[in-house]
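Colleague: Mind looking over this structure? Questions follow.
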Amino acid sequence: MTPARAIASLATIVLLGLSLASLAAIESLEFATAGEESRYQNMIGQLRCLVCQNQNLADSNADLAKDLRAKTYQMIRSGASDVEIVDFMAARYGDFVLYRPPLGGRTALLWGAPFIFLLIALAVFFYTLRKRKIVEESLNREQRSRAAKLLDPGGHA
């Protein structure tokens, strides 16, 4: 077998494997109405996969995400409201399952952290700016002229 043929065979196997993996993620669910399907898509889009953590249930292929999608589907088909589904998931898995957790005692730091980091960054910025100004002002006239001579490419020390 020639090297080119071996590479082509390997590429075919890899592409075939990738296409089979993508087919495995497709779920065929039947809904009574288009509204139910829309609710389902919305719900799995706003619930976080607890295994992947940075993916929602719609994008995750983890076994737990599949189970949570199935539970969401079952609850929608049985007539549960969106609030009931969210409450069930949060009660069972905690607020982390929600991409937008409610503002409360346990999640206040999560909501406030960006503002705290911004305030810290601004404080460091202004402190550095102020310190630089103090250093510049502390140079006397003689030191400034000497520094200017040293920095002047045509000047001599």
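The values are calculated or read from the model by the stated rules, or taken from the named source; none is laboratory data. Quick caveat: nothing in here was measured; it's all calculated off a predicted structure. Neighbour counts are summed over all protein chains in view; Cβ atoms, including those assigned to glycine, are modelled from backbone coordinates with ideal geometry.
Colleague: So which residues in the range 57-70 are surrounded by fewer than 17 Cβ atoms within 10 Å (Cβ to Cβ) and either more than 20 Å from the chain's Cα centre (by Cα) or closer than 17 Å to PRO101 by Cα (or both)?
Modeller: Of everything in the range 57-70, those that are surrounded by fewer than 17 Cβ atoms within 10 Å (Cβ to Cβ) and either more than 20 Å from the chain's Cα centre (by Cα) or closer than 17 Å to PRO101 by Cα (or both) turn out to be ASP63, LYS66, ASP67, ALA70.
Colleague: Being hydrophobic (A, V, I, L, M, F, W, C) and either exposed (fewer than 11 other Cβ atoms within 10 Å of the Cβ) or over 29 Å from THR33 (Cβ atoms) (or both) is the filter here, so list the residues in the range 78-105 that pass it.
Modeller: Matches in the range 78-105: VAL83, ALA91, PHE96, LEU103.
Colleague: While we're on this one: If you check ARG48 against the conditions, is it surrounded by 12 or more Cβ atoms within 10 Å (Cβ to Cβ) and modelled with pLDDT of 90 or more?
Modeller: no
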